[in-house]
Amino acid sequence: MKRIFLPKGDVTDLVVGEWVLLNGTIYTARDQAHKRMVEEGIPLALEGQAIYYAGPCPAKPGQVSGPIGPTTSMRMDAFTPFLLKNGLKVMLGKGDRSPAVREAIKEYQAVYLVIVGGAGALIADKVKKLAVIAYDDLRSEAIHCLEIEDLPALVAIDSKGRSIFQK
Amino acid sequence: MREIKKEAIIETVKKLFLEANISLPTDIQKALDAAYQSEDNPNAQEMLSLIIENYKLAVEKQVPICQDTGMAVVFVEWGSEVCLIGTSLEEAINEGVRQAYTEGYFRKSVVSDPLRRKNTGDNTPAVIHTKIVAGDKVKITVAPKGFGSENMGALKMFNPTVPVNEIEDFIVSVVSKASANPCPPIVVGVGIGGTMEKAALLAKEALLRDIAKEHPDPFWAEKEKAFLQAINLTGVGAQGVGGRITALACHIEVYPTHIAGLPVAVNLNCHASRHQEAYL
């Protein structure tokens, strides 16, 4: 599998159906964080960044992260074109996206990858650093900054708007 | 009257949730291993191999299989000759949930109000289903329920004269529409009959059955087989990337119903189909 380094790595030439190993910095955001970003403004420099739809379990003593698998991406669809317009480049989650998101991914030359759902323990193992950077009051749903190493991901919608879910 | 102290309930509920969230039942492990063997779509195979690696790693590291440690669903069969000492059953169960989710470093995923959405901080309250049965035993079954799969359930009130293929089409369409969201390969629980709420409860109970066990009534066992086959023809596959194995099993539970109706509920479980039980 090809290694991709975020946020610098070029993702526009990734092809739907391709497996990659993700490395570098990504941010988590789920439902409530998305709602806030749209309503109150984005609390980070989003240009070229990656958002992972996830909320971890608390880490046990001695561990970096608790289990941290993807949640259903579709619930973020209504907020996604706004974030893409503001520079978001990579999205990581689980399941299909709306036609509007697919179009926006094409328009802004972004990419959507799926991470294996329900494999939280395995994914936590790939997290080397974790820190809350915004919306602390949302607990697990806060925005976390993660440093990841060799996280397996499958390209589900590429920058040409081609989707693995379209049969 | 046999007496059971509140501590016994608290300890049992706690132990069951700690175990359920970390160790996948062996029947599900076997079904996942078999799914990996029979799958021929390479992307789905890769997904299944990661899923299998994950459930092993969870036990090795003693961490939850999935970060969505769920809403705590608890089924209790309470013998009518048993008296609970020290608190209410609801209080005791919630205390067990509180201790498990805190001490287990599980995610607290429950909000106190569906619209105002403030996290309760300890994953309580549980959703509790109690049945009073004969005898002096208590059976407790816990089923932490993640909402990736719970969100994809559906219920339909059919006409009593509906041909069975329309029921099959409904179940298949629920699975098809759910696609990758409930984390396939899934377990499909179907409740048929009763009233609206009874059908929903039956669908949930269907998810608790050992995955390799078919319905004791051959008529319904045959329907389970037929529905599962139709579900796996959708080609949703593991994590929605395509393939032969969309569901590991389809279990049906039934109940008598009204002359005018035929309620059908579908409740989906992700591949981390978690449940544990104990007798007191």
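Across region B:180-193, the number of residues qualifying as more than 14 Å from chain A (Cβ to nearest Cβ) and open to solvent by less than 10 Å² (accessible area, probe 1.4 Å) comes to 5. Reported count of residues in region B:46-105, each being away from chain A (no Cβ under 14 Å), in contact (Cβ under 8 Å) with a residue 40 or more places away in the chain and either of a type outside the set (A, V, I, L, M, F, W, C) or part of a helix (DSSP H, G or I) (or both), is 14.
Based on this model, can you work out whether B:Leu228 counts as open to solvent by 10 Å² or more (accessible area, probe 1.4 Å), closer than 29 Å to B:Gln45 by Cβ and within 13 Å of another protein chain (Cβ to nearest Cβ)? Against the criterion (open to solvent by 10 Å² or more (accessible area, probe 1.4 Å), closer than 29 Å to B:Gln45 by Cβ and within 13 Å of another protein chain (Cβ to nearest Cβ)), B:Leu228 does not qualify. Residues in region B:157-179 that are of a type in the set (A, V, I, L, M) and either surrounded by 17 or more Cβ atoms within 10 Å (Cβ to Cβ) or in contact with a Leu (Cβ under 8 Å, 6 or more places away or on another chain) (or both): B:Met157, B:Val162, B:Ile167, B:Ile171, B:Val172, B:Val174, B:Val175, B:Ala178. Does B:Asp113 satisfy the condition of being part of a loop (DSSP other than H, G, I, E, B), touching a residue at least 60 places away in the same chain (Cβ under 8 Å), surrounded by fewer than 16 Cβ atoms within 10 Å (Cβ to Cβ) and of a type in the set (D, E, K, R)? For B:Asp113, the condition - part of a loop (DSSP other than H, G, I, E, B), touching a residue at least 60 places away in the same chain (Cβ under 8 Å), surrounded by fewer than 16 Cβ atoms within 10 Å (Cβ to Cβ) and of a type in the set (D, E, K, R) - is not met.
Restricting B:Lys131, B:Lys156, B:Lys137 to residues that are under 30 Å from B:Cys183 (Cα atoms) and either touching a residue at least 12 places away in the same chain (Cβ under 8 Å) or in the same structural domain as B:Ala238 (by TED's automatic domain parsing) (or both) narrows the list to B:Lys156. Looking only at residues of region B:196-222 that are open to solvent by less than 30 Å² (accessible area, probe 1.4 Å) and not small (Gly, Ala, Ser), we find that the one that is nearest to B:Val264 (Cα to Cα) is B:Leu202. Taken together, the residues in region A:15-54 that are part of a loop (DSSP other than H, G, I, E, B) and out of contact with any Ser or Thr (no Cβ under 7 Å at 6 or more places or on another chain) amount to 13.
Selection of region A:38-54 for residues being more than 14 Å from chain B (Cβ to nearest Cβ) and crowded, with 24+ Cβ neighbours inside 10 Å yields A:Ala50, A:Ile51. Does A:Arg102 satisfy being over 30 Å from A:Pro61 (Cα atoms) and surrounded by fewer than 23 Cβ atoms within 10 Å (Cβ to Cβ)? Criteria met by A:Arg102.
Selection of region B:63-86 for residues being open to solvent by 50 Å² or more (accessible area, probe 1.4 Å) and either among the hydroxyl-bearing types (Ser, Thr, Tyr) or not assigned by TED's automatic domain parsing to the domain that holds B:Lys6 (or both) yields only B:Ser80.
All but one of (1) surrounded by 24 or more Cβ atoms within 10 Å (Cβ to Cβ); (2) within 16 Å of the chain's Cα centre (by Cα) hold for B:Ala238; which doesn't? Condition not satisfied by B:Ala238: (2).
Considered as a group, the residues in region A:9-37 that are in contact with a helix residue (DSSP H, G or I) (Cβ under 8 Å, 6 or more places away or on another chain) and surrounded by fewer than 15 Cβ atoms within 10 Å (Cβ to Cβ) include one that is farthest from A:Lys106 (Cα to Cα), and that residue is A:Lys35.
The values are calculated or read from the model by the stated rules, or taken from the named source; none is laboratory data. Predicted, not measured: the structure shown is a model, and the values here were computed from it. Neighbour counts are summed over all protein chains in view; Cβ atoms, including those assigned to glycine, are modelled from backbone coordinates with ideal geometry. Quick note on the areas: whole protein, heavy atoms, side chains included, nothing else; ligands and nucleic acids left out. Shrake-Rupley method; radii C 1.70, N 1.55, O 1.52, S 1.80 Å.
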